[in-house]
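> Take this structure, written in structure tokens, and hold onto it; I'll ask about it next.
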Amino acid sequence: MVHTGIGYDVHPLVPGRKLVLGGVEIPHARGLDGHSDADALMHAICDAVLGALGEEDIGHFFPNTDPRWRGVPSKIFLEEAARQAARRGAKIVNVDATLIAGRHRCHGRGGRRLAGMIFEHAQS
């Protein structure tokens, strides 16, 4: 039997933090805000694996209220998700992950123009 999970995670970019995605530190002026290393890509993959198992999400296993997890590399979370899978005799066969990153730019004249187009489309 095949089980599929979908994971999703969002962290805001903030100054003074390292940017870590997929366990790789990326040189950048800002990093993702969070209790651990805030690796949103690994967090989403963890949630997908846990979801496929019918388990609670990553916050259940590693609550952000627990000081033990402050600054911890998200690799630890992914290892635990893999352990949970192994305990149930499950095998992770494939992971397909999409990373969406960027800055919201719907402001000023361009934003008003876009809003106008949306309004015109809604009226037709």
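No lab work stands behind these numbers, since they all come straight from the coordinates. Since this is a predicted model, take the numbers as computed values, not measurements. Cβ: placed from backbone, ideal geometry, glycine included. Neighbour counts: every protein chain shown.
> Order 49-58, 85-94, 34-43 from most to least packed using the mean count of other Cβ atoms within 10 Å. Don't skip to the end; give the middle numbers.
Values: 49-58: 17.7, 85-94: 10.7, 34-43: 23.0.
Peptide ranking by packing, descending: 34-43, 49-58, 85-94.
> Taking the stretch 14-53 as the region of interest, what is the percent of Cα-Cα pairs per 10 angstrom bin, listed from the shortest bin to the one with the maximum distance?
Spelled out per bin, shortest first, that is 33, 46, 17, 4.
> Return the sequence-ordered ³J(HN,Hα) values of the stretch 15-27 in whole Hz as given by the Karplus equation 6.51 cos²θ - 1.76 cosθ + 1.60 applied to θ = phi - 60°, using x for Gly and Pro.
Rounded to whole hertz, the list is x, x, 10, 6, 9, 10, 9, x, x, 10, 7, 10, x.
> Here's another thing I want to ask about it. Per residue Cα convex hull volume for the stretch 47-94, in cubic angstrom?
71 Å³
> Starting from the Cα gyration tensor of the stretch 1-100, multiply each eigenvalue by 5, take the square root, and state the resulting semi-axes largest first in whole Å.
So the three semi-axes of the stretch 1-100 are 25, 15, 10 Å.
> Right, here's the next one. Under the rule of at least 5 residues apart or a separate chain, name every residue whose amide H is placed under 5 Å from the amide H of Asp37.
Under 5 Å from the amide H of Asp37: Gly71, Val72, Ser74.
> Looking at the stretch 15-74, which trypsin sites (Lys or Arg not before Pro) are DSSP coil and have at most 15 other C-beta atoms within 10 Å of their C-beta?
Those satisfying the criteria are Lys18, Arg70.
> Continuing with the same structure: For Lys91, put the label point 7 Å out on the Cα→Cβ axis and report which residues of the stretch 1-35 keep their amide N under 17 Å from it.
Under cut-off, by backbone N: 1-4.
> Using modelled amide H (1.01 Å from N, peptide plane; none on Pro or chain starts), what sits under 5 Å from the amide H of Gly23, excluding residues fewer than 5 places away?
Met42
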